[in-house]
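Visitor: I'd like to ask you about the structure that follows.
The values are calculated or read from the model by the stated rules, or taken from the named source; none is laboratory data. Everything quoted here is computed from the prediction, not taken from an experiment. As a convention, Cβ positions derive from the backbone with ideal geometry for all residues, glycine included, and neighbour counts pool all protein chains shown.
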Amino acid sequence: MKLTRQQLEQAVSRQIVSRQQADDLIAFLKQQPVTGPVFDFTHLLYYLGGMIAIGAMSLFMNLGWEAFGGWGIVGISLAYAVAGCTLMSIFQQKGHVIPAGICAVFVVVLVPLSIYGLQLALGYWPEGKIYLQYHGDLHWHWLSMEMGALAAGAVMLWRYRYPFLVMPLAVTLWLLLMDAMAMLTGDRFDGGMSALVSMWGGLVMVLVALWVDIRIRQTTDYAFWLYLFGAMAFWVGMTLQDSNSELGKFLYCCINLMLMVVGVTLIRRVFVVFGALGVSLYLGHLAFSVFRDSWFFPVALTVIGLLVISLGIFWQKYEQVASVKLRAKLPTPLKELLESKLTM
């Protein structure tokens, strides 16, 4: 749980700890490294600025860069990479872990751009095709860029151990899976195939995240970004599945309820958020399709909502006892993972 200054002040007022102990504890906590993503306003500015810079070298590339030619793009990419590494080193020396990690990701994102420029300069890039323009005849060119990004991300993560470096690895793995399947099928995906691959790929990523979470549960949270993108890929792929039966839609709701349970169990809010969105979509389907002309449905839904709130109150009352009994039945590594999160 998070410990606030106000809670410490209350503990001092109740003579649970002394003033000196509270001050020493605050000083100690301030010196500890950040073990997981924190989203206060300062970190929001960090990530916003970082994503703008990263997006400039990836998502928002435009035709203006084509004027520099292949070798020009390679040279500019290397210059940006040197600047990114320099900033990363400065931030690292000053103890600014999050900005340093963002600069490391910025350097990784430059790798596909430099590979594109190299292919363009050597004449391997198909004439008339531009960066980020995806066509069926660009498969191996695109895969080489993704493999380069994956290798660079793995090396940077091994060298610097910044948790944010897992983010480009997760995104690249997903893109690599999609493009590899496109090569195997010989053409671009249709919507149904893309959703199916995204769903199963996301599920695999979530399982990998769980494995990472268990293996390094006592250190920095490297699994966060894997959980985030894995859950996103799985949920979006599942939501885009074409189901014309009410049974299929009901199963979709049940899976989303399971996601919420998984989120509570693993103490990962991302599953709860996506699960709640899925349940809301299903209830919207019931309201506007199945029970469109029924006055009773909103009343029944209100009653169900109140029952859920009552269940929450009941769970809060007996949560400690129930949690201990449930964790006792889990495998030892998973039980230790959950206990480490509960005692933070």
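Visitor: Just to check your reading of the model, which residue among 69, 36, 55 is modelled with pLDDT of 70 or more, under 25 Å from the mean Cα position of the chain (by Cα) and surrounded by fewer than 15 Cβ atoms within 10 Å (Cβ to Cβ)?
Guide: Only one candidate passes the filter, namely 55.
Visitor: Right, here's the next one. For the structure I just gave you, tell me whether residue 312 is modelled with pLDDT of 75 or more and part of a helix (DSSP H, G or I).
Guide: It is false that residue 312 is modelled with pLDDT of 75 or more and part of a helix (DSSP H, G or I).
Visitor: Same structure again: Could you list, in sequence order, all residues of region 210-261 that are under 17 Å from residue 336 (Cβ atoms) and not in a loop (DSSP other than H, G, I, E, B)?
Guide: 210, 211, 212, 213, 214, 215
Visitor: If residue 258 meets every condition in (1) touching a residue at least 12 places away in the same chain (Cβ under 8 Å); (2) closer than 30 Å to residue 143 by Cα; (3) loosely packed, with under 14 Cβ neighbours inside 10 Å apart from one, which number is that one?
Guide: (2)
Visitor: What number of residues within region 254-270 are among the hydrophobic types (A, V, I, L, M, F, W, C) and under 18 Å from the mean Cα position of the chain (by Cα)?
Guide: Total satisfying the criteria: 7.
Visitor: Restrict the check to region 296-308 and report whether at least one residue is in contact with a helix residue (DSSP H, G or I) (Cβ under 8 Å, 6 or more places away or on another chain), in a helix (DSSP H, G or I) and closer than 25 Å to residue 328 by Cβ.
Guide: No, because not a single residue in region 296-308 is in contact with a helix residue (DSSP H, G or I) (Cβ under 8 Å, 6 or more places away or on another chain), in a helix (DSSP H, G or I) and closer than 25 Å to residue 328 by Cβ.
Visitor: Return yes or no: is residue 153 crowded, with 20+ Cβ neighbours inside 10 Å and either at pLDDT below 90 or in a helix (DSSP H, G or I) (or both)?
Guide: yes
Visitor: Any idea which of 220, 302 is in contact (Cβ under 8 Å) with a residue 12 or more places away in the chain, of a type in the set (S, T, N, Q) and more than 26 Å from residue 197 (Cα to Cα)?
Guide: 220
Visitor: For region 215-253, name all the residues that are of a type in the set (A, V, I, L, M), farther than 30 Å from residue 289 by Cα and under 17 Å from the mean Cα position of the chain (by Cα).
Guide: 223, 226, 228
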